[in-house]
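What follows is a short report on a single structure.
The values are calculated or read from the model by the stated rules, or taken from the named source; none is laboratory data. Predicted model only: the values in this text are computed from it and were never measured. Reconstructed Cβ throughout: ideal geometry from the backbone, glycine too, with neighbour counts over all protein chains shown.
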Amino acid sequence: MKRTLVLFAAILAALAASSSSFAAPGPDAPGSKMITVQAGAFPGFGGLLSGQIAMARIGQGHLYGGLQLGGNYRHGAASDAKKIDLSVAPRLLYGFNLGRVVEMHFGGLAGVDVQHFDSLKSSLVFCYGGFGGLRLNLSSSVGIVLEGCYSNCLPYATAGLAFRF
């Protein structure tokens, strides 16, 4: 997992360094809606679905609020145990453009995570964390998202698509 996070950080740094104009005004006006679909490396393999709305412009960026749904499956090598995580978390993020096509964002989330083990034991955990990432806008409505999150129950490094309305 540490190698994945280091690789993710290197990709973020390379994209940020290749951007031509730092802190250009963001294209996301208040009321813009976005849906992201992501898959990637968790402790195991999983996916995220999030919906968010631009709430305000702040400085050179924009503030988004939304909801994230996550799922993760992992199979323990040593114990042969299977674990499934399902999470629901409101998220708040601030994004700003590094150029005409690259947007950098960071934020936080807090919610609940249902953990189910193959021994038929389930638990409900309060989940919180911080995340950061990049969105490469391919057009005014479609982009590629790279995101990493450090969380108490489900850290991740993902890639996916963003659809802006």
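For the range 41-69, how many residues are surrounded by fewer than 20 Cβ atoms within 10 Å (Cβ to Cβ), among the small types (Gly, Ala, Ser) and touching a Pro at 6+ places or on another chain (Cβ under 8 Å)?
Number satisfying all stated conditions: 2.
Does at least one position in the range 50-60 carry a residue that is outside any strand (DSSP E or B) and of a type in the set (D, E, K, R)?
For the range 50-60, residues outside any strand (DSSP E or B) and of a type in the set (D, E, K, R): absent.
Surrounded by 15 or more Cβ atoms within 10 Å (Cβ to Cβ), assigned to a strand (DSSP E or B), modelled with pLDDT of 90 or more and not small (Gly, Ala, Ser): is that true of Leu93 in this structure?
It is true that Leu93 is surrounded by 15 or more Cβ atoms within 10 Å (Cβ to Cβ), assigned to a strand (DSSP E or B), modelled with pLDDT of 90 or more and not small (Gly, Ala, Ser).
Any residue in the range 100-122 that is among the hydroxyl-bearing types (Ser, Thr, Tyr), in a strand (DSSP E or B) and at pLDDT 85 or above?
No, because not a single residue in the range 100-122 is among the hydroxyl-bearing types (Ser, Thr, Tyr), in a strand (DSSP E or B) and at pLDDT 85 or above.
Given Phe45, Phe22, which one is outside any strand (DSSP E or B), among the aromatic types (Phe, Trp, Tyr) and either modelled with pLDDT of 90 or more or over 16 Å from Arg164 (Cα atoms) (or both)? Let's see the steps before the verdict.
Details: Phe45 fails: outside any strand (DSSP E or B).
The match here is Phe22.
Just for the range 100-127: of the residues that are more than 16 Å from Leu69 (Cβ to Cβ) and of a type in the set (A, V, I, L, M), which one is surrounded by the fewest Cβ atoms within 10 Å (Cβ to Cβ)?
Across the range 100-127, the extreme among qualifying residues is Leu120.
Quick check on my filter: what residues within the range 106-153 are more than 14 Å from the chain's Cα centre (by Cα) and among the β-branched types (Val, Ile, Thr)?
Of everything in the range 106-153, those that are more than 14 Å from the chain's Cα centre (by Cα) and among the β-branched types (Val, Ile, Thr) turn out to be Val112, Val114, Val125, Val142.
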